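Have a look at the structure below before the remarks.
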Amino acid sequence: QATQVGVAVVDTFVWQSLASVAIPGFTINRLCAASLALLGTLTRWPLPLRRWTTTALGLAAIPLIITPIDRTVDFLMDSSLRKLYRAPGEPPAP
């Protein structure tokens, strides 16, 4: 029983770290950097306006990236870490 709880804690921690922190943070950071550079090239907007626009684009992207990131992290964990602690023949968690 204690082992199952430990596995659940580790699985949840890794999943949340990837799906809620690392990958979204990196994705939004790169989106914002690219949009700021693109706005600097394509517009003559003042820097504060470009920065606010970049921030708005980053925030607007959040609902669009959630599902693909969650599904990707599920796939990656099912293909790697979860193989280590699942009993043979045990179906994937819902």
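The values are calculated or read from the model by the stated rules, or taken from the named source; none is laboratory data. Note that the structure is a prediction, hence the values are computed from the model and not measured. Neighbour counts are summed over all protein chains in view; Cβ atoms, including those assigned to glycine, are modelled from backbone coordinates with ideal geometry. These area figures cover heavy atoms from the full protein model, side chains too; ligands, DNA and RNA do not enter into them. Shrake-Rupley method; radii C 1.70, N 1.55, O 1.52, S 1.80 Å.
Could you please let me know if residue 9 is assigned to a helix (DSSP H, G or I), among the aliphatic types (A, V, I, L, M) and open to solvent by less than 50 Å² (accessible area, probe 1.4 Å)? Taking the combined requirement at face value, the residue does not satisfy it. Screening the candidates 3, 55 for the property of being farther than 30 Å from residue 80 by Cβ and either of a type in the set (D, E, K, R) or without any contact (Cβ under 8 Å) to a residue 40 or more places away in the chain (or both) yields one hit, 55. Restricted to region 12-43, and to residues there that are β-branched (Val, Ile, Thr) and open to solvent by 80 Å² or more (accessible area, probe 1.4 Å), the residue that is farthest from the chain's Cα centre (by Cα) is 41.
Total residues in region 67-90 satisfying the condition of being of a type outside the set (D, E, K, R) and in contact (Cβ under 8 Å) with a residue 12 or more places away in the chain: the figure is 7.
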